[in-house]
């Protein structure tokens, strides 16, 4: 997946290539009606994503105008993709995409079954494309890219049905980038704080290498993963599969710049089996929790 799979053409096609909306009856949640009207008239490729602040709030709190939703939601999806690639949260000020979608029950209320399937496919392809770009392991704290992609994956577990297809495709390790990302994810299960060779980063005397797989980049403080996604993870992430993925990823990277560190993780497997077994069992429960804290063994 070398070419960016998320384009304006693809996202707008989901909604029938909607045109700007000049008759806006929706009342903006914070009374910024003039700003919402201006946003609705702006050409889709000229939209300032920062102006989605107005619409993220509407997603969460107001009755949505269907033609306005069809026009602006592709911009929300493009912003989701852009922020994922740029290692940013999908938020603007105090508004946030995932919160708006869930609080307003948007995917269920506003999308047909076919549109829902197309949006979920876009989430999946965007995440796989992002993970494919994961090269090199964090070593100096300047570009902690894996932190952002893991947080977004966790946010996706709150709102989307795409999580199973993401993991199933990702862990096939079709590219070196997917192998690097899989090692990063699995390594967060098998090391204590300060021991992970892939994330043991120090900045200004503070260790920032502790990756918590349940942390997300949404504005939710009281919501865990959906029951369906948690159930999938319980079945999918087993001690045997994680061990095999680590070995397969190291094989995939044997002639790549990341090869030496990948082999080190494989070499550590024997001493980490008990901890890995415990955390594989605990991870789904932490993701299901509304207020997860830390591993019980850390």
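Please treat every number below as a calculation from the coordinates, not as lab data. Keep in mind the model is a prediction, meaning the values are calculated, not measured. Using ideal geometry, Cβ is built from the backbone for each residue, glycine included, and neighbour counts are taken over all protein chains shown.
A few remarks follow.
- Using every pair of distinct Cα positions in the range 134-298, the Kirkwood expression returns a hydrodynamic radius of 16.1 angstrom.
- Tilt relative to the chain, helix 113-132 - C-alpha long axis, 0 to 90 degrees, to 10: 40 degrees
- Counting only Cα atoms, the size of the range 55-194 along its three principal axes is 48, 31, 23 Å, in decreasing order.
- Residues 245, 163, sorted so that the one with the fewest Cβ neighbours within 10 Å comes first: 245, 163
- Chain lengthening between residue 275 and residue 289 when straightened (0.36 nm per residue, less Cα-Cα): 3.0 nm
- Angle between the chain longest axis and helix 239-252 axis [Cα atoms, degrees, rounded to 10]: 90 degrees
- Here, the chain has an Rg and a Dmax of 20.2, 65 Å when only alpha carbons are counted.
- C-alpha long axis of helix 66-85 to longest principal axis of the chain, angle in °: 30 degrees
- Kirkwood Rh in Å, taken over the range 1-96 so that all alpha-carbon pairs contribute: 13.7 Å
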